[in-house]
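Worksheet: one structure, shown below.
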Amino acid sequence: MDTAGIVSPADRFPQSAGGATPARWWQRGVIYQIYPRSFADGDGDGIGDLRGIIGKVDYLAWLGVDAVWLSPIYPSPMADFGYDVADYTSIHPLFGTWRDFDELSDALHRRGIKLILDFVPNHTSDQHPWFLESRASRANPKRDWYIWRDPAPDGGPPNNWMSTFGGSAWEWDARTGQYYYHAYLKQQPDVNWRNPALRDAMHQAMRFWLDRGVDGFRMDVIWHLVKDEQFRCNPPNPDYHPGLWPSRRFLSTYTADRPEVHDIIAEMRRVVDEYDDRLLIGEIYLPVDRLVAYYGTGGTGLHLPFNFQLVELPWRAEAIAAAVDQYEKALPPHGWPNWVLGNHDKPRIASRAGGAQAGVAAVLLLTLRGTPTLYYGDEIGMSNVPIPEDRVQDPWERTMPGFGVGRDPARTPMQWDASLHAGFTSGEPWLPVGEDSARINVALQREDPASLLRLYRRLIQLRRAEPVLVLGDYRRLPSSPEVFLFLRRLGDRRCLVALNFSADRQPLSVPPELASARITVSTRLEREGAVVGSSARLEPNEGFISIGTAA
Ligand code: NOJ
Ligand code: MG
């Protein structure tokens with residue numbers, strides 16, 4: 001087992017590499033997303049849990065990640081697998097106890113790994129006590145904590161707003177004779193962020209975890225928090241076609257990305273800033289020009305509005321290089337960039353880009369300027385796992401079969417080894433395990449120096465060792481269409497990144513001052529150490545990094 005080269009996180013990176021602003025942990029670090037149901041099952045019930053994660057903390061330290069983001073672990077009826085929260089300040093028994101939570105938090109912190117929780121501020125479960133009160137009567141003090149409206153004159157829903165998960169976003173409540181709004185499932189009523197008492201209650205829930213030592217939050221669908229005060233109908237989507245799922249028939253002009261949302265976020269940021277060095281991330285699917293507004297004026301917003309371009313774009317060199325340039329240009333001066341390759345809502349990168357490109361994707365994610373977020377399993381190249389109809393779990397797929405919206409394929413159990421159920425559980429796994437688990441698993445790849453997992457680890461270690469990868473500026477260099485070539489520069493340090501998005505050999509012209517440098521890390525292990533050369537080349541599906549000092 002290769003355990004060499006583990007650097008203690010405290011001393012692995014200079015606070016400042018010549019620049020005036022020291023890099024903070026979330027700027028230097030790599031974030032690793034765990035979908036708790038699917039990472040490791042400690043109690044054999046087929047569903048991942050905190051004890052399971054505790055057992056894998058050494059793995060996370062070995063891999064070298066700096067922060068772990070856990071998808072929701074709160075009590076929940078699991079209509080949307082935890083994104084329907086029934087209590088913001090507790091832990092679902094399915095995942096474990098307070099002791100388990102504190103043990104996990106300590107185990108991570110002892111290894112210098114931060115803990116980030118998912119927070120779901122846009123909606124609660126319909127079983128949350130707040131909603132139970134709100135729906136009890138129109139006079140209930142918490143009535144206004146949710147979004148209640150009278151029917152339209154014909155008795156139908158108040159307007160045309162649709163649920164992302166299908167159908168009208170308005171659910172009729174016969175007892176009190178009004179509709180409530182839910183952007184997702186009807187079991188996920190949206191809260192009313194215009195109500196000051198609701199806002200206070202949410203802030204208190206955030207402080208609860210910050211007091212307990214949590215290092216930050218990933219805020220679910222944060223661009224949805226405020227809806228139009230006048231409840232205007234959304235306009236039709238001019239790009240709609242019948243292949244798209246029904247809610248795409250309308251734009252979300254009046255239901256998301258409203259101007260008032262920035263005040264709400266600024267307030268959340270102030271809560272986080274009451275504490276030392278905590279992190280606020282937001283989930284936002286918006287075009288880049290609107291996305292960057294979420295940094296807030298003068299840095300009053302999110303530290304990291306998630307940038308999903310690598311998740312959404314076709315896997316082509318030109319498209320991706322153009323998107324990187326556009327993003328770099330659009331960032332405000334105080335805006336720290338970030339990149340995401342996959343998450344629990346989107347198809348796996350190895351399936352989108354193809355297994356042969358998984359290494360190129362790894363090099364890209366870990367060498368672009370900005371904080372990388374890595375989705376569990378992508379480091380070993382897990383693919384989308386086909387889910388037989390009778391094993392579908394995702395409510396989105398269940399309510400809207402046939403549109404390809406199902407998210408289960410990217411949520412299957414982590415593949416630890418070649419044993420039964422890939423070492424994920426001793427019971428029956430809640431989702432099927434990938435059929436490739438005999439080949440694609442941690443145990444095997446840990447021992448294989450040429451594996452994707454070992455590539456990820458080398459890249460992460462290189463980021464720790466080389467400030468140019470964190471703090472260096474970014475400049476794209478000319479290349480052939482299937483190649484993305486760029487340079488990172490810090491002082492006299494240079495890092496050349498060359499990525500071949502094709503399965504053919506590609507020519508490469510590199511700046512003369514870098515021609516004599518050697519390949520530091522390559523997706524093809526045998527190339528490491530070779531001189532780049534003035535008329536260089538890229539092997540099929542190769543990505544490499546060459547770090548050197550300018551003459
Ligand atoms: C975004 C989450 O990532 C997704 O899994 C969830 O279904 C929706 N928000 C609703 O909470
Ligand atoms: Mg379990």
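What follows is calculated from the coordinates using simple rules that are stated; it is not laboratory data. What you see is a predicted model; the values in this text were computed from it and never measured. Cβ coordinates were reconstructed from backbone atoms using ideal geometry, including for glycine residues, and neighbour counts include every protein chain displayed.
Here are some notes:
- For the range 182-191, the Karplus equation 6.51 cos²θ - 1.76 cosθ + 1.60, evaluated at θ = phi - 60°, returns couplings of 9, 6, 10, 5, 5, 7, 10, x, 6, 7 Hz by residue, with Gly and Pro reported as x.
- Over the chain, Cα pairs under 8 Å with separation of 6+ residues give a relative contact order of 13 percent.
- Using 0.36 nm per residue and subtracting the Cα-Cα separation, the extra length available between Phe403 and Ala418 on full extension is 2.1 nm.
- Equivalent ellipsoid, the chain (semi-axes from 5 times Cα gyration tensor eigenvalues, Å): 40, 26, 24
- Using the Cβ-Cβ distance between Arg476 and Arg537 with R0 = 22 Å, the FRET efficiency computed as 1/(1 + (r/R0)^6) comes to roughly 0.70.
- Theoretical FRET efficiency, 1/(1+(r/R0)^6), r = Cβ-Cβ of Ala550 and Arg439, R0 56 Å, to 0.05: 0.85
- A viscosity of 1.567 mPa s and a temperature of 4 °C, combined with the Kirkwood radius over Cα pairs in Stokes-Einstein, give a translational diffusion coefficient for the range 456-516 of 102 µm²/s.
- Arg149 versus Leu132: modelled label distance in nm, points set 7 Å from Cα along the beta carbon direction: 2.8
- Principal axis dimensions, largest first and in whole angstrom, of the range 248-345 by Cα: 43, 33, 27
- Computed packing ranks the peptides 328-336, 402-410 as 402-410, 328-336, most packed first, by mean other Cβ atoms within 10 Å.
- Structure-based [θ]222 nm, the chain - -39500 (n - 2.57) summed over DSSP H runs of at least 4, per residue, nearest 500: -6500 deg cm²/dmol
- Stretching Ala503 away from Glu428 to a fully extended chain increases their span by 23.1 nm, per 0.36 nm per residue minus the current alpha-carbon distance.
- Percent antiparallel among DSSP beta bridges (both partners in the chain, rounded to 5): 60
- As a calculated quantity, the FRET efficiency between Arg290 and Glu229 at R0 = 22 Å, using C-beta atoms, amounts to about 0.65.
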